[in-house]
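This report concerns only the one structure given below.
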Number of protein chains: 4
Amino acid sequence: MPRTPEQFKKIREEKRQQIKDAALELFAHEGYHGTSISEIAKSAGISKGLMYNYFESKEELVTSIMDEGMKIFTEFFDPDKDGVLTADEFEFFVRKSFETVRENTIYWKLYFSIIMQKEVFELVMAKYKNILDEVMNLLVAYYEKQGVEDPLAEAIMFGSLMDGISLNYILNNDMFPLDKVEDAIIKKFGHR
Amino acid sequence: MPRTPEQFKKIREEKRQQIKDAALELFAHEGYHGTSISEIAKSAGISKGLMYNYFESKEELVTSIMDEGMKIFTEFFDPDKDGVLTADEFEFFVRKSFETVRENTIYWKLYFSIIMQKEVFELVMAKYKNILDEVMNLLVAYYEKQGVEDPLAEAIMFGSLMDGISLNYILNNDMFPLDKVEDAIIKKFGHR
Amino acid sequence: MPRTPEQFKKIREEKRQQIKDAALELFAHEGYHGTSISEIAKSAGISKGLMYNYFESKEELVTSIMDEGMKIFTEFFDPDKDGVLTADEFEFFVRKSFETVRENTIYWKLYFSIIMQKEVFELVMAKYKNILDEVMNLLVAYYEKQGVEDPLAEAIMFGSLMDGISLNYILNNDMFPLDKVEDAIIKKFGHR
Amino acid sequence: MPRTPEQFKKIREEKRQQIKDAALELFAHEGYHGTSISEIAKSAGISKGLMYNYFESKEELVTSIMDEGMKIFTEFFDPDKDGVLTADEFEFFVRKSFETVRENTIYWKLYFSIIMQKEVFELVMAKYKNILDEVMNLLVAYYEKQGVEDPLAEAIMFGSLMDGISLNYILNNDMFPLDKVEDAIIKKFGHR
DNA sequence: CATGAATGAGGGTTCATTCAT
DNA sequence: AATGAATGAACCCTCATTCAT
């Protein structure tokens with residue numbers, strides 16, 4: 001008697017996740033090209049061939065991981081989706097962003113290593129660019145409302161700062177005083 | 001008449017440079033793993049085998065390139081080496097940093113893509129950490145002198161911001177308003 | 001009420017046929033090595049695993065298909081089985097042969113692609129050789145009776161011609177004037 | 001001191017031929033898909049990787065072999081290239097064709113196995129089609145000149161017969177009375 | 001009878017490195 | 001100093017077959 005479709009679906013989803021977890025860990029530490037399918041399979045406790053039952057290529061695997069991480073990011077951002085940022089929401093955004101970086105350090109390590117790669121990932125990046133542009137637009141509008149002199153420059157600086165902090169935190173996990181910087185950035189770029 | 005040892009050394013050095021130039025170009029565009037020794041050799045106009053007369057491995061080649069780029073960076077920084085930063089020197093530092101990024105975009109592309117890689121490059125990074133820590137110390141001292149409330153947080157923010165801006169400029173060369181941001185950062189983090 | 005053994009056998013036979021039909025289609029279009037068990041199973045509307053309930057291997061499957069096609073061929077040939085060929089029967093044979101090629105083009109495509117393969121299929125070919133030798137013997141006897149000068153050479157030429165025509169028709173389906181050639185061959189090799 | 005370019009060229013050509021010889025043997029016996037690069041390399045006495053120094057892919061290898069064989073074929077055909085076939089030239093053509101088949105049996109085995117394959121080889125076949133069409137045109141003109149009733153049908157029959165004979169000779173090397181058939185075909189299709 | 005997850009060997013291909021010349 | 005032929009390990013991926021359910 002075969003398993004029910006529900007059973008198969010459950011197996012598939014669990015195994016896919018299991019593979020993605022193993023792959024994320026390895027991609028983040030060794031880089032995309034530095035990680036082989038063999039390593040991922042071994043780390044996930046499955047055979048090499050089985051990988052391709054769940055992901056049709058190495059590229060689909062990494063894409064799938066990236067999408068999942070980006071989904072987490074967007075879920076936490078602009079929660080009421082009214083397209084306007086208040087000062088409280090700004091602070092909430094900063095704190096949530098750092099929370100995400102803190103809790104999904106490995107994912108963001110992968111993210112930063114991936115964005116340095118070549119055309120293969122330009123499609124992926126195109127998708128994310130929309131999301132990130134949206135964030136930028138909200139920020140510019142916010143700074144305008146608060147009467148900041150050059151809202152665009154301020155928004156770009158703020159965005160770059162978030163990137164830079166994330167990058168340094170990721171590279172220097174133990175030493176980086178993320179909490180302190182979190183407060184400072186809200187004070188300096190919040191413009192309450 | 002045979003060449004003197006000095007002449008040999010000079011020829012050697014020139015050839016090494018020629019190889020490094022070709023390799024940097026390719027590494028930055030195709031990534032480290034995406035660039036083969038064959039391609040580098042062809043681009044440098046020499047044979048594959050000869051590569052190994054000048055660099056003992058692909059890894060030594062990339063390490064050597066990184067070192068050279070970092071040397072350029074340090075040469076331009078803190079020119080009088082008196083260990084103290086004035087407000088003018090701060091501005092000078094920012095402007096020179098951006099100048100370097102603007103003029104050596106390819107190198108910094110390689111730099112950012114390399115720092116996301118694995119333990120092989122941890123040695124390289126250890127070396128650079130000293131240089132970067134030195135910069136950080138000067139900055140903290142500078143902010144203390146200027147009476148900034150939390151000098152360390154300010155210095156870290158400034159450093160992260162420089163990284164974030166460089167990263168975004170590299171990724172988005174055409175659209176990024178580097179000049180504008182350059183002025184804004186001096187105004188906001190100069191504390192004259 | 002449980003099914004009788006006969007019912008089971010019939011269901012089994014139908015399913016086998018269903019698989020063979022799907023497989024023939026794919027083998028002929030993609031080649032033997034170019035067709036995977038997965039594709040066959042999907043095309044037959046069953047699971048991969050079930051395939052092995054009906055055929056013990058990919059090889060048995062293709063062998064079985066070949067046998068079936070050859071059976072069709074022999075059924076149409078020498079209908080009264082008296083071991084003698086009249087002029088009318090010769091013509092009948094030619095017309096029926098071409099009819100078979102026309103109606104089972106796909107099978108003959110598979111046939112010609114398979115006979116070029118390696119020793120695995122030598123067994124299969126041994127079986128067919130008997131059938132084809134039988135045909136040859138009848139033809140030689142026929143040409144002798146008609147007073148042809150070199151009956152063996154004539155028979156071999158005729159057999160080779162039939163092969164060559166089939167091959168070219170298969171490869172060049174649309175352009176090949178099979179009808180015209182059919183008449184011509186009867187005129188030229190019939191020896192009425 | 002490096003080898004001279006001439007030396008390298010000689011090495012390359014010899015090795016390429018060595019690989020092609022090994023590959024032809026294997027392709028003919030095991031089929032294209034049934035032959036692995038590993039097997040070819042082993043049979044040629046080189047490493048797998050070296051294959052790709054001489055042929056950029058398995059496909060280029062087989063294409064190169066096919067071209068070489070077809071070149072032999074065309075060299076022997078229509079030697080004075082005046083575009084007209086005399087009765088002597090017709091006989092010469094038949095005899096030379098069989099000579100080629102006799103002497104390059106393996107190649108023609110590959111040829112027949114290849115023409116049954118899928119789209120990958122359609123390009124290759126397109127090239128050959130021109131050559132073969134040319135032959136056909138000459139034949140039709142020849143039969144017209146000789147006053148044959150249906151020249152096209154005759155030419156197609158002759159061409160198909162040549163194919164069929166080659167095929168059967170290849171498959172049944174030892175038993176096939178090629179000499180006898182050679183004479184018979186000239187008598188029957190020569191129309192002197 | 002029926003499923004598709006799972007395996008493992010092998011497919012073609014690439015590439016850093018070595019070596020004879 | 002210089003060449004490119006040669007190696008061998010590893011790469012991503014496919015697939016006939018087996019197996020737990």
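Table: residues versus (1) more than 7 Å from chain C (Cβ to nearest Cβ); (2) under 18 Å from D:Phe93 (Cα atoms); (3) surrounded by 16 or more Cβ atoms within 10 Å (Cβ to Cβ).
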{"residue": "D:Leu138", "(1), (2), (3)": "yes, yes, yes"}
{"residue": "D:Tyr142", "(1), (2), (3)": "yes, yes, yes"}
{"residue": "D:Val148", "(1), (2), (3)": "yes, no, yes"}
{"residue": "D:Leu161", "(1), (2), (3)": "no, yes, yes"}
{"residue": "D:Ser166", "(1), (2), (3)": "yes, yes, yes"}
{"residue": "D:Asp179", "(1), (2), (3)": "yes, yes, no"}
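Scan region D:19-48 for residues that are at pLDDT below 95 and of a type in the set (Gly, Ala, Ser) and report the count.
Of the residues in region D:19-48, 3 are at pLDDT below 95 and of a type in the set (Gly, Ala, Ser).
Collect the residues in region D:24-82 that are in a loop (DSSP other than H, G, I, E, B), away from DNA strand E (no atom under 15 Å from the Cβ) and loosely packed, with under 14 Cβ neighbours inside 10 Å, keeping them in residue-number order.
Correct list: D:Gly45, D:Pro79, D:Asp80, D:Lys81, D:Asp82.
Do you know which residues across region A:1-23 are surrounded by fewer than 16 Cβ atoms within 10 Å (Cβ to Cβ) and within 15 Å of A:Lys109 (Cβ to Cβ)?
Scanning region A:1-23 gives a single hit, A:Asp21.
Quick check, is A:Asn104 free of Cβ contacts under 8 Å to residues at least 40 places away in the same chain, within 16 Å of DNA strand F (Cβ to nearest atom) and away from chain B (no Cβ under 14 Å)?
no
Has region C:81-90 got at least one residue that is farther than 22 Å from C:Asn168 by Cα, more than 16 Å from DNA strand F (Cβ to nearest atom), more than 14 Å from every other protein chain (Cβ to nearest Cβ) and of a type in the set (Val, Ile, Thr)?
The answer is yes; a qualifying residue exists.
State yes or no: is D:Lys15 farther than 21 Å from D:Lys129 by Cα and away from DNA strand E (no atom under 11 Å from the Cβ)?
Yes.
Enumerate the pairs (first residue in region B:48-65 and within 11 Å of B:Ile37 (Cβ to Cβ); second residue anywhere and small (Gly, Ala, Ser) and within 12 Å of DNA strand F (Cβ to nearest atom)) with beta-carbon separation below 6 Å, excluding pairs fewer than 6 apart on the same chain, so at least 6 apart or on different chains.
B:Lys48/B:Ser38; B:Lys48/B:Ala41; B:Met51/B:Ala41
Any chance you could count how many residues in region D:2-16 are in contact with a helix residue (DSSP H, G or I) (Cβ under 8 Å, 6 or more places away or on another chain) and within 16 Å of D:Phe55 (Cα to Cα)?
Number satisfying all stated conditions: 3.
Any idea which of (1) touching a helix residue (DSSP H, G or I) at 6+ places or on another chain (Cβ under 6 Å); (2) polar (S, T, N, Q); (3) modelled with pLDDT under 85 is the one D:Thr63 doesn't satisfy?
So D:Thr63 meets the others, but not (3).
How many of the residues making up region B:19-31 are facing chain A (nearest Cβ under 8 Å) and not acidic (Asp, Glu)?
2
Tally the residues that are farther than 19 Å from D:Gln117 by Cβ and within 12 Å of DNA strand F (Cβ to nearest atom), restricting the search to region D:28-55.
Residues that pass the stated criteria total 14.
Is region D:7-16 home to any residue that is within 15 Å of DNA strand F (Cβ to nearest atom) and either hydrophobic (A, V, I, L, M, F, W, C) or in contact with a strand residue (DSSP E or B) (Cβ under 7 Å, 6 or more places away or on another chain) (or both)?
yes
Which one of these is charged (D, E, K, R) and away from chain C (no Cβ under 13 Å): D:Lys129, D:Lys96?
Criteria check complete, one pass: D:Lys96.
Against the conditions (1) of a type outside the set (A, V, I, L, M, F, W, C); (2) more than 15 Å from DNA strand F (Cβ to nearest atom); (3) in contact with a Lys or Arg (Cβ under 7 Å, 6 or more places away or on another chain), where does D:Glu25 fall short? Just the number, please.
(3)
Taking interchain pairs and intrachain pairs at least six residues apart, which have beta carbon atoms under 9 angstrom, with the first residue in region A:1-20 and of a type in the set (Asp, Glu) and the second at pLDDT 95 or above and more than 9 Å from DNA strand E (Cβ to nearest atom)?
none
Considering region A:98-134 alone, what residues qualify as being under 10 Å from the mean Cα position of the chain (by Cα) and modelled with pLDDT under 90?
Those that are under 10 Å from the mean Cα position of the chain (by Cα) and modelled with pLDDT under 90: A:Lys109, A:Leu110, A:Tyr111, A:Phe112, A:Tyr128.
The values are calculated or read from the model by the stated rules, or taken from the named source; none is laboratory data. Keep in mind that this is a model prediction, so the values were computed, not measured. Neighbour counts are summed over all protein chains in view; Cβ atoms, including those assigned to glycine, are modelled from backbone coordinates with ideal geometry.
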